[in-house]
1. Can you give the percent of C-alpha pairs in the range 108-207 whose distance is more than 21 Å?
2. Mind running the shape call on the range 1-152? Use the C-alpha gyration tensor, a ≥ b ≥ c as the square roots of the eigenvalues: rounded below 1.5 for a/c, prolate if a/b tops b/c, oblate otherwise.
3. How many percent of the accessible area of the range 1-152 is carbon or sulfur, using a 1.4 Å probe?
4. Enter the accessible area per residue of the range 15-122 (Å², integer; probe 1.4 Å; all protein chains in place).
5. Can you run phi through the Karplus equation (6.51, -1.76, 1.60; θ = phi - 60°) for the range 152-163 and list ³J(HN,Hα) in whole Hz, with x for Gly and Pro?
6. Apply the Karplus curve 6.51 cos²θ - 1.76 cosθ + 1.60, θ = phi - 60°, to the phi angles in the range 137-147 and return the couplings in whole Hz, x for Gly and Pro.
7. I'd like the Karplus ³J(HN,Hα) series for the range 113-126: coefficients 6.51, -1.76, 1.60, θ = phi - 60°, whole numbers in Hz, and an x wherever there's a Gly or Pro.
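The values are calculated or read from the model by the stated rules, or taken from the named source; none is laboratory data. The structure displayed is predicted, hence computed values, not measured ones. The area values use the complete protein model at the heavy-atom level, side chains included, leaving out ligands, DNA and RNA. Shrake-Rupley method; radii C 1.70, N 1.55, O 1.52, S 1.80 Å.
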Amino acid sequence: MAGVAAVAVLAVACTHLAMVFFYVAPANTVSKAHSQLINRWVNPEFEQNWKLFAPNPLQQNIHVQARAEVVDASGRRSVGGWQDLSAQDGAAILHNPLPSHTQQNELRRAWDYFTQTHDDKGRPIGSRGRLAEAYLRRIVVLRLGREHLTGRVARIEVRSATTAVAPPPYAKERVDTRTFYRTFPWWGVGPSDVPDGVPATVVVAGRAGAAHGTGTASGTGTGTASGSGTEAAR
């Protein structure tokens, strides 16, 4: 039995390595023929943000921010301020010799997966887009649920704050280093959006199957551009 188990583990490990290799390798006959199978195996748990022979260094700082609409005991609704979830992860990683995988990758990869599966108007593209929304909602509810809220969460809203990395002083190129915001529609949340780690009472009761907004994304800041997903600078 031990030999059979060892063979099975080795087979799974080899399969996983092969799938990841074809995922990050340049397009070829095998990866094109089996792209759906490879993507289903890798995403979202093992998503990679690099390519063999073609490094893709990040040239922007992207912060994911969220806020909640809460309902207090009297039924009054109020909207809280924006919480910078990426900054929270950054603070947890700073000076930490052994940061966790969650702190380094959970939110970043969830946001990458979300933006890759939504069109320019913020609408989900197929089942992967809806899966990405559900995954991101649970992360946001987990993060906001740990805060000292004034009531139960009824809806959440997310946005990205993107700032280009300034070039070194000796470089001749000029880069706009203003922060650009992209705000997505409000999402209603229910018990199915509450992950382990926060009590179920963090959301409004009786909202199972709550409708989740899929309207167009809009820019916020000076010169708001709505209905097109255009980002606005501040």
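1. On the way: 2269 of 4950 pairs.
Summing the P(r) of the range 108-207 above 21 Å gives 46 percent of all pairs.
2. On the way: a/c = 1.99, a/b = 1.82, b/c = 1.09.
In terms of gyration-tensor shape, prolate.
3. Values: 5710 of 9590 Å².
So the carbon and sulfur contribution to the accessible surface is 59 percent.
4. Working: 6740 Å² over 108 residues.
That works out to 62 Å² for each residue.
5. For the range 152-163, the Karplus-derived couplings read 8, 6, 9, 9, 10, 9, 10, 8, 10, 10, 10, 10 Hz, x marking Gly and Pro.
6. With the stated coefficients, the range 137-147 comes to 4, 5, 5, 5, 4, 4, 5, 5, x, 7, 7 Hz.
7. 5, 5, 5, 6, 10, 10, 7, 5, 9, x, 8, x, 9, x
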